[in-house]
Amino acid sequence: MSLDDLAGREVEVAIIGSGPAGLTAAIYAARANLHPVVLEGEPSSTSDQPGGQLMLTTDVENYPGFPEGVMGPELMQRFRDQAARFGAQIHTVKASRVDFSEQPYGIWIGDPGADEPALRARTVIVSTGAQSIMLGLDREVELVGHGLSTCATCDGFFFRDQHIAVVGGGDSAMEEATFLTRFASRVTIIHRRDALRASKIMQRRAFDNERIDFMWNSVVEEYLGESTLAGLRIRDTKTGETSTLDVTGCFIAIGHRPNTDLFVGQLEMKENGYLVTEANSTRTVVDGVFACGDVQDDYYRQAVTAAGTGCMAAIEAERYLESLH
Ligand code: NAP
């Protein structure tokens, strides 16, 4: 069914976002005969695109069921095919506005100022994910998965006995660096100031780790290497001097940003912008609106946990719809 056919109609389940959470919700909702409509987003040059963060990943070796590993985009294609096989309608469009003030909830596509929403839904599953904040340097997106990473849990294993860098001075950077010393021969933390933002305990853990060293007052200016990262050009912010750091891997750990702009004023958010859900549930403050995956998870941030909460959201949506009828 095309989007035009949906205009003026009411659907049981609309899913906004198409990473592991959204597509798992789509699989479950479709198999429950709820005919979910998925707004998967639109391809863009940034890290915000259909399929979510796994589209920017190469080998995924920790997703259960793939003992030999699987490429991130292939994994997401499989999720998508599985959802489509059971009848989920997947549209390559972005929601531009939502109105959760009255049932059925309105979702706009394109002009957010239009009088009428593109579709109305009894339940909405929000799975718009999050993005790692990046440095914004040339070739950054294409190097992700080729020496550049934003997830030590996912990719640390690939850097056994190598010298790698971690950028950032917060808890994430300390945690990633400490974790990476399980694999790497040496980890250099590059921080733009001379004092860390991280909590004292995380700082201490990093300072005490003999495989970790620090480059203070330093910023990465350039990624070196052609198709794979082969080093970093570093600038000392005090002296202006540049140097080369010979690393084969670089982990960017300067924070994450949830994709929640669309829900400002509609759903409750934590101070850091992540959506609030009830404990052990995907329920938001609005009845019939559920949030799953990284958009509401600032702690685990794994594909498999996102898929798990996607399943929860679909089951909760189904039960909510039953309660309405
Ligand atoms: P964060 O606390 O915001 O720290 C970000 C770090 O990246 C800061 O040191 C910042 O430098 C640096 N940075 C930001 N933009 C940069 C840029 N463009 N270039 C270079 N450096 C840049 O983020 P986070 O570490 O991800 O932590 C987020 C929240 O999660 C925090 O509340 C943290 O406590 C929590 N967390 C907790 C744990 C844990 O307890 N196990 C683990 C991870 C995260 P400046 O310091 O100069 O601003």
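How large is the accessible surface per residue of the chain, computed with a 1.4 Å probe and reported in Å² as a whole number?
Here the per-residue accessible area is 48 Å².
For the chain, what relative contact order do you get, as a whole percent, if you take Cα pairs closer than 8 Å and at least 6 residues apart?
20
Lysines within cross-link reach of Lys270: Cα-Cα under 28 Å, excluding same-chain residues under 8 positions apart?
Result set, ordered by chain and number: Lys94, Lys200.
Looking at the P(r) of the range 140-252, how many percent of alpha-carbon pairs lie beyond 18 Å?
44
Sorted by accessible area (1.4 Å probe), largest first, how do Leu137, Leu321 line up?
The ordering from most to least exposed comes out as Leu137, Leu321.
Taking every pair of Cα atoms in the chain, average 1/r, invert it to obtain the Kirkwood radius, and report Rg/Rh to two decimals.
For the chain, the value is 1.02.
Any chance you could tell me what percent of the C-alpha pair distances in the range 1-86 go past 15 Å?
Value for the range 1-86: 61 percent of Cα pairs lie more than 15 Å apart.
Report, by chain and number, residues whose modeled amide H sits under 5 Å from the one on His256, excluding near sequence neighbours (fewer than 5 apart, same chain).
Here the answer is Ile133, since their amide H atoms fall under 5 Å of that of His256.
For the range 140-252, calculate the relative contact order in percent as a whole number, restricting contacts to Cα pairs under 8 Å that are 6 or more residues apart.
This gives 31 percent for the range 140-252.
Considering only protein heavy atoms and a probe of 1.4 Å, how much of the accessible area of the chain is carbon and sulfur, as a whole percent? If you can, show how the numbers build up before the last one.
Working: 7250 of 15630 Å².
Exposed carbon and sulfur together represent 46 percent of the surface.
The values are calculated or read from the model by the stated rules, or taken from the named source; none is laboratory data. Quick caveat, the model's predicted, so the values are computed rather than measured. These accessible areas exclude ligands, DNA and RNA; they are computed on the full protein's heavy atoms, side chains included. Shrake-Rupley method; radii C 1.70, N 1.55, O 1.52, S 1.80 Å.
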